[in-house]
Amino acid sequence: MINIYLDNAATTEIDPEAIKVISFFQQLNTGNASSLHKRGVAAAKEIERARQIIAAKINASFKDLFFTSGGTESNNFAIKGIAFANREKGRHLITSKIEHPSVIATMEWLETQGFIVTYLPVDKEGFINPADVEKAINKKTILVSIMHANSEIGTIEPIQEIGMICKKRDIYFHTDACQSFTKVELNVKKQNVDIATLNAHKIHGPKGIGAIYIRKGVKIEPLLHGGGQENNLRSGTYNTGGIVGFGKAVEISNIHDSKRMSELRDYFIHNIQNVVDDVILNGAKKERLCNNINLIFKNVNGKKIFKKLNERSIFISTGSACSSAKLTPSHVLIAIGIKSQIAHEAVRISLSKWTTKEELDIVIQNIKKIIGEERNA
Amino acid sequence: MAEIKPDEKLDLTGVTCPQNVAQALLKLEIMETGSILEIIIDDGEPIQNVPPSIKVEGHKLLEQKKIGEKWILLVKKI
């Protein structure tokens, strides 16, 4: 029976190795990691072990990595935290038109609080031009927030160059690395990143856990106040199970999976274009996430493809997971210059480390059939 | 008395409890039995919490001295 999951940019299936450590840990009945008795310390040790693994993956010190509830919280924390801690210096922030809603909505909210935000355009492949970042910086700029890779079209942004510009101008640089983490190298020192958003459920870890890297010396206000956990930067009882599962997911991630996914991605794009006419690939041709495919099948609404594949137990997305429930076209596709009417024709197919060539062949054949039916209807 | 030379050093300044306790124990976990770890911690809560937590896990606190606002601990892995 067919059951093919190709919506891994929305979330991934949790790895059995992560389930194993979470389950083992929960059965230990450890205490609250903030308690200094033996049970509490046992929990704290496992948290610190995970912290070391995740920090090492981005070439950071364990001292600069803090756990949160996920990407949305980390993005909110990064942007609001910098805005409120540095508003005496200035009230101008820079981002792009293709960021995740948790960045764009946070920026829009800050505009209601007296901040000024520049939303940079992108080119037709979704790239932000570092020169545009430089031009947008003024004396009041306190933060530049540009994603590492786009969730909808897979474009990998030139964050190292943008980070260098920010460093020279003494402005904080934040990158949302939720989609790219463990797939594309993130080296916060080499790439001049001051703050980075990470999460677990995009990399076969559990949901409800994420992290934020904050370089030592960055002036930031906490979002959550309370018990003073995470060096007073993120209060709240530790989600110990989630943290150990996150650590395991990072530990077992490897570059070979990314390479394999790239090959499968290219195989799919090549073959679908061979068997179906008028297929357009959205996003970057080269600097693209290894698991992202975003296509427009001309004159066929993406919703119809989504629905018919869903009936066959093949799971994809139209544009992005968040956009699926809305009637408005994807803001990312609009930003790369696709007309509103055409943007509704896009579908996103996102692979995982478990995706096989055989599965993709089945999907290609099904899409071919659906497109044939729809175009002849 | 001859000065004790540590085999490894761990700077935990700026790290609060319980993270400092847990990081110290993790470091000791991977060290050879009998080797010595120098741990640097802040004054205040850390010096109240780190030494007793290390001792309760069975390791031996050989020395602790205050230098400015920091404390240096010498711990033998047992």
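Values in this text are rule-based calculations from the coordinates and carry no lab data. Please read these numbers as outputs of a predicted model, since none were measured by experiment. Note: ideal-geometry Cβ built from the backbone for every residue, glycine included; neighbour counts use all protein chains shown.
Cβ-Cβ distance of A:K369 and A:K140, R₀ of 51 Å, FRET efficiency by 1/(1 + (r/R0)^6): the value works out to about 0.35.
Among the listed pairs A:K20/A:K307; A:K189/B:K77; A:K57/A:K357; A:K97/A:K285, which have their C-alpha atoms separated by more than 24 angstrom in this model?
A:K20/A:K307; A:K189/B:K77; A:K57/A:K357
Only beta bridges with both residues in the range A:16-252 are counted; by DSSP, about 40 percent of them are antiparallel.
Averaged over peptide A:36-48, the number of partner chain Cβ atoms lying within 10 Å of each residue's Cβ comes to 5. Rounded to two decimals, the Cα-based Rg/Rh of the range A:83-155, with Kirkwood Rh, is 0.97.
Each listed q (0.09, 0.16, 0.19 Å⁻¹) maps to a log10 I(q)/I(0) for the range A:1-144 from the Debye sum over equal C-alpha point scatterers, namely -0.47, -1.04, -1.18. Note on A:K357/A:K307: beta-carbon distance plugged into 1/(1 + (r/R0)^6) with R0 of 35 Å gives a FRET efficiency of 0.85. With R₀ set to 51 Å, the beta-carbon distance separating A:S35 from A:F315 gives a calculated FRET efficiency near 0.75.
Expressed as a fraction of 2.2 N^0.38 Å, the value expected for a compact globular protein of N residues, the C-alpha radius of gyration of the range A:80-213 is 1.00. Peptide A:243-253 shows a mean partner chain C-beta count of 0 within 10 Å per residue C-beta. Over all pairs of different C-alpha atoms, the range A:200-339 has a mean inverse distance whose reciprocal, the Kirkwood radius, equals 18.8 Å.
Report Rg(Cα)/(2.2 N^0.38 Å) for the range B:8-76, keeping two decimals.
0.97
With the simple model of a label 7 Å out from the Cα in the direction of the Cβ, B:K66 to A:E287 spans 5.4 nm.
Three principal axis extents of the range A:206-257 based on alpha-carbon atoms, in descending order, are 39, 25, 14 Å. Legend: mean number of C-beta atoms from other chains within 10 angstrom of residue C-beta atoms, peptide B:21-29, equals 5.
Computed from label points 7 Å out along Cα-Cβ, the spacing between A:K219 and B:M31 is 3.8 nm. Taking each residue as 0.36 nm, the span from A:V279 to A:A85 lengthens on full extension beyond its C-alpha to C-alpha distance by 65.1 nm.
In summary, the range A:258-377 shows an alpha-carbon radius of gyration equal to 0.99 times the 2.2 N^0.38 Å reference for compact globular proteins.
Counting only DSSP beta bridges with both residues in the range B:8-76, the antiparallel share comes to about 80 percent. Within the shell defined by Cβ-Cβ distances under 12 Å, the residues around A:F173 carry a net charge of -1, with Lys and Arg each +1 and Asp and Glu each -1. Translational diffusion of the range A:16-252, estimated by Stokes-Einstein from the Kirkwood radius over alpha carbon pairs at 25 °C in a medium of 0.890 mPa s, is 136 µm² per second.
How much net charge surrounds B:I47 when only the other residues with a Cβ under 12 Å from the Cβ of B:I47 are counted, with Lys and Arg +1 and Asp and Glu -1? Present the calculation step by step, with values, prior to reporting the outcome.
On the way: positive: B:K65, B:K66, B:K70; negative: B:D42, B:D43, B:E45, B:E69.
Taking every Cβ under 12 Å from that of B:I47, the sum is -1.
Highest average first, the peptides A:1-7, A:126-132 ordered by how many other beta carbon atoms sit within 10 Å of their residues are A:126-132, A:1-7. With neighbours defined as other Cβ atoms within 10 Å of a residue's Cβ, the residues A:L198, A:L120 order from fewest to most as A:L120, A:L198. The modelled label-to-label distance between A:R169 and A:K259, using points 7 Å beyond Cα along the C-beta direction, is 3.8 nm.
Translational diffusion of the protein assembly as shown was estimated from the Stokes-Einstein equation, with Rh taken as the Kirkwood radius over Cα pairs; at 10 °C and 1.306 mPa s the coefficient is 67 µm²/s. Computed over the Cα atoms of the range A:145-225, pair by distinct pair, the Kirkwood hydrodynamic radius stands at 13.3 angstrom. Taken one residue at a time, the phi angles of the range A:32-40 give Karplus couplings (6.51, -1.76, 1.60, θ = phi - 60°) of 5, 4, 7, 7, 8, 7, 4, 5, x Hz. Gly and Pro are set to x.
Just tell me which lysines come within less than 27 Å, Cα to Cα, of B:K76; anything on the same chain fewer than 8 places away is out. Correct list for B:K76: A:K38, A:K45, A:K63, B:K5, B:K9, B:K27, B:K55, B:K60, B:K65, B:K66.
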